[in-house]
Amino acid sequence: MNEILNEFSQMWHQSGSLAFIGFVLAILGVCIVGVGKKIPLIRYMLGDRSMIAQIFWGTIIAFVGFAMIYLFR
């Protein structure tokens, strides 16, 4: 746990808040893809109730988050 916290604090101090925002977006995207069926509010916020839209938007959000982590690490 200490290693994770140390890595997270280094990410915050070295690259500022953009890497943190990327981390949050990546987690949000993975959650949308993984548990969107269980939480219909997420699907309503995306404007569609289909699983295809949930997978599409979750993947897009996760890739943006991963790209931000990679670019601003």
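Considering only helices (runs of 4 or more DSSP H) fully contained in the chain, which possess at least 1 residues that are modelled with pLDDT of 70 or more and small (G, A, S)?
Per the criteria, 2-15, 17-35, 51-71.
If I go through region 55-67 residue by residue, how many of them are over 10 Å from the mean Cα position of the chain (by Cα) and either within 12 Å of G34 (Cβ to Cβ) or not aromatic (F, W, Y) (or both)? Spell out how you get there, then give the answer.
Taking region 55-67 and keeping what is over 10 Å from the mean Cα position of the chain (by Cα), we get 55-57, 67.
Narrowing the set further to residues that are either within 12 Å of G34 (Cβ to Cβ) or not aromatic (F, W, Y) (or both) leaves 55, 67.
Result for region 55-67: 2.
The values are calculated or read from the model by the stated rules, or taken from the named source; none is laboratory data. Not measured: the values here are computed from a predicted model. So basically every Cβ, Gly included, is an ideal-geometry build from the backbone, and we count neighbours across all protein chains shown.
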